[in-house]
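Chemist: One structure, as structure tokens, below. Some questions next.
The values are calculated or read from the model by the stated rules, or taken from the named source; none is laboratory data. These numbers were taken from a predicted model, which means no experiment stands behind them. Note: ideal-geometry Cβ built from the backbone for every residue, glycine included; neighbour counts use all protein chains shown.
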Amino acid sequence: MNVLLISRFATLLFWALAGQPAPNEGDAPAAWSSFLEKFDASHLPKIDHPNATKEEGDALQKRQTQWHHERLAALQEFVERFPKCREASRARIEWAREVRPYEEKAAQRLLGDVIDAAADPACVCEARYLLGMTYFRNNTKKAAALFEEAAASPGEPEWRANALAALGDLLSKAGKPNEARERYERVAAEFKGTRAAARAERELKRLGAEEPGALSPGRSFPDFETTTLAGAAVSTARLRGSVVLVDFFTTDDPAWNADFAALRSLYAQVHTRGFEILGVALDSERATVEAFRDAESVTWPLHWDDAKADVRVARTLGVTARSACFVVDRRGRIRFRDVRGKALLAAIESLVAESP
């Protein structure tokens, strides 16, 4: 018997056993409209007064959870009944949104199905962007490829703009400010009026597009000279030719302390290959910094940035945070800013490996 006939017979038998008429793809638009009407966001349970009790809040959470479960079940049923229609692509995207917070791989499969089906170009564009976001932290190469494809796809301007802006974010985090700036400029110029364009304009400012002296990746790190705790003069200009980590910190910062042991180990390994650290301590007391230096046997230059001094390094450079770091290459350009953990160690190793 013909395989297609067997498949058709199996489908008819399934729906007969389920007590429902066999699906007709022509019914999909009406069924989808019915779904949208029933599960419009305005129907999500909510409390209409501001002074809700704990019991009311708990009850509301249960009702909202039940609403989402019912919505998810309805999406699954729709996809099962109309697996190949255009509306099924939209249903799979909504299904993926529902499950992504706790089943990311399931969301990835659903979005991949939308892309493979190619039933609706607009949905394909959106699915590529959303799929890219699921890989944003763990597989940047795959995420970048998906964002590039989404930005070049026919689809809603909102999703193309989001994809291009997300690609800019990836490039910025990778220490490629010029490439990131190019993407942000495209978003701002080609997608005016979208939220992505507004965000792109903010990112351009952050990258220093309108502030030549900003401490942003791609800019030259400003020269400054100061005195270490040991009384020696040190300057970034004299360190030119080496990879330099300019590290603003406080000794009680948990994030900074978590990186310290690995950073000290890396310094010992690659210092002779042209790596320097210039630490700028922002603690309120000099004695605290000196005690830390002695207890941890810190061998790189440390400057205590006295908050009461007339001239402070942090104030001069415009550093306002209690923790900030800049990885500067051998030519004096900022390549990475405010990276921590494994990303910081990888950034340093990559620059040390570059040819002088």
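Chemist: Six or more apart or on different chains, Cβ under 9 Å: which pairs go from a residue in region 48-60 that's modelled with pLDDT of 75 or more to one that's among the basic types (Lys, Arg)? Could you list them?
Modeler: Matching pairs, first to second residue: Leu60/Lys46.
Chemist: Let me ask another. Could you check how many residues of region 106-146 are farther than 20 Å from Trp95 by Cα and more than 13 Å from the chain's Cα centre (by Cα)?
Modeler: 3
Chemist: Please name all residue pairs, on different chains or six or more residues apart, with Cβ atoms under 8 Å, provided the first residue is in region 167-187 and is buried (at least 18 other Cβ atoms within 10 Å of the Cβ) and the second residue is of a type in the set (Asp, Glu) and at pLDDT 90 or above.
Modeler: Listed pairs, sorted by first residue: Leu167/Glu148.
Chemist: Which one of the conditions (1) surrounded by fewer than 17 Cβ atoms within 10 Å (Cβ to Cβ); (2) in contact with a Ser or Thr (Cβ under 7 Å, 6 or more places away or on another chain) does Ser220 fail to meet, given that it meets all the rest?
Modeler: The one condition Ser220 does not meet is (2).
Chemist: Please pick out the residue among Ala262, Ala268, Ala237 that is on the phi < 0 side of the Ramachandran plot, part of a loop (DSSP other than H, G, I, E, B) and of a type outside the set (Val, Ile, Thr).
Modeler: Exactly one residue qualifies, and that residue is Ala237.
Chemist: Do you know which residues across region 347-356 are among the hydrophobic types (A, V, I, L, M, F, W, C) and either modelled with pLDDT under 90 or surrounded by 15 or more Cβ atoms within 10 Å (Cβ to Cβ) (or both)?
Modeler: Ala347, Ile348, Leu351, Val352 - these are the residues of region 347-356 that are among the hydrophobic types (A, V, I, L, M, F, W, C) and either modelled with pLDDT under 90 or surrounded by 15 or more Cβ atoms within 10 Å (Cβ to Cβ) (or both).
Chemist: Ala163 - would you say it is at pLDDT 85 or above and surrounded by fewer than 17 Cβ atoms within 10 Å (Cβ to Cβ)?
Modeler: Considered against the rule, which asks whether it is at pLDDT 85 or above and surrounded by fewer than 17 Cβ atoms within 10 Å (Cβ to Cβ), Ala163 comes out as no.
Chemist: What pairs come up if the first residue lies in region 136-160 and is within 19 Å of Ala198 (Cα to Cα), the second is surrounded by 16 or more Cβ atoms within 10 Å (Cβ to Cβ) and of a type in the set (D, E, K, R), and their beta carbons are under 8 Å apart, counting only those six or more places apart or on different chains?
Modeler: Phe147/Arg128; Ala151/Arg160; Glu156/Glu126; Trp159/Glu126
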